[in-house]
Amino acid sequence: MKTIDQYVDLCRGTTLDQFCEQHPHPFLLLSAESLVNFIRPYDAAKTPTVDRLVIGGLGEGNGADSPKEGYKVVEVTPSDPSSTRVSLGFADSCDVRLDDPSISRLHAWLAWTSHGYYLEDNNSTAGTTLNGTILEPGHAVSVTPGDRIGLGTMDLVFMSAREFYPLVMLLFGI
């Protein structure tokens with residue numbers, strides 16, 4: 001996992017379209033404190049926003065309270081470039097390795113088709129949620145940018161490169 005600030009120079013040196021071309025796969029954002037108070041579903045009374053996300057906690061700070069310091073990012077990229085799905089889990093063989101005791105060896109799958117992205121629980125021990133709804137193992141559900149994915153006790157926000165780029169630009173005043 002990278003920290004969100006590791007994407008500053010990449011965003012600064014490219015346009016949105018260039019960034020999206022260089023990063024065709026989605027991103028998962030994670031915080032040690034979780035993103036509950038940082039990114040939440042769109043509320044017209046709150047600002048600023050990126051797509052349907054509300055960005056909070058933009059004040060200066062350090063550690064987990066500061067988006068510039070505490071937020072981790074995973075680019076969801078398959079090990080095999082021809083693959084249309086990514087494995088999520090703690091096993092070394094997973095495309096996206098998540099080091100957390102609540103994560104199963106092969107916890108879930110994230111797949112994509114011409115119709116969009118899909119999340120499927122792989123009969124994990126601690127379960128998988130999408131926007132707070134527990135997923136039935138083996139049943140794929142549609143995932144869209146801004147959706148909250150719970151894997152065990154990990155709280156992640158799903159974002160495409162098109163949403164991730166302006167988030168980095170906003171957070172770092174670029």
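The values are calculated or read from the model by the stated rules, or taken from the named source; none is laboratory data. Not measured: the values here are computed from a predicted model. We place every Cβ from the backbone using ideal geometry, glycine too, and count neighbours over all the protein chains shown.
Miscellaneous remarks
- Elements of type strands (runs of 3 or more DSSP E) contained in segment 74-130, each with 1 or more residues being closer than 18 Å to Cys20 by Cα and in contact with a Phe, Trp or Tyr (Cβ under 9 Å, 6 or more places away or on another chain): 108-113, 116-121
- Residue satisfying all of: in segment 131-141; outside any loop (DSSP other than H, G, I, E, B) and out of contact with any strand residue (DSSP E or B) (no Cβ under 6 Å at 6 or more places or on another chain); farthest from Leu88 (Cα to Cα) among these: Thr133
- Yes/no for Glu163 being at pLDDT 95 or above and among the acidic types (Asp, Glu): no
- Members of segment 122-174 that are charged (D, E, K, R) and touching a Cys at 6+ places or on another chain (Cβ under 9 Å): Arg162
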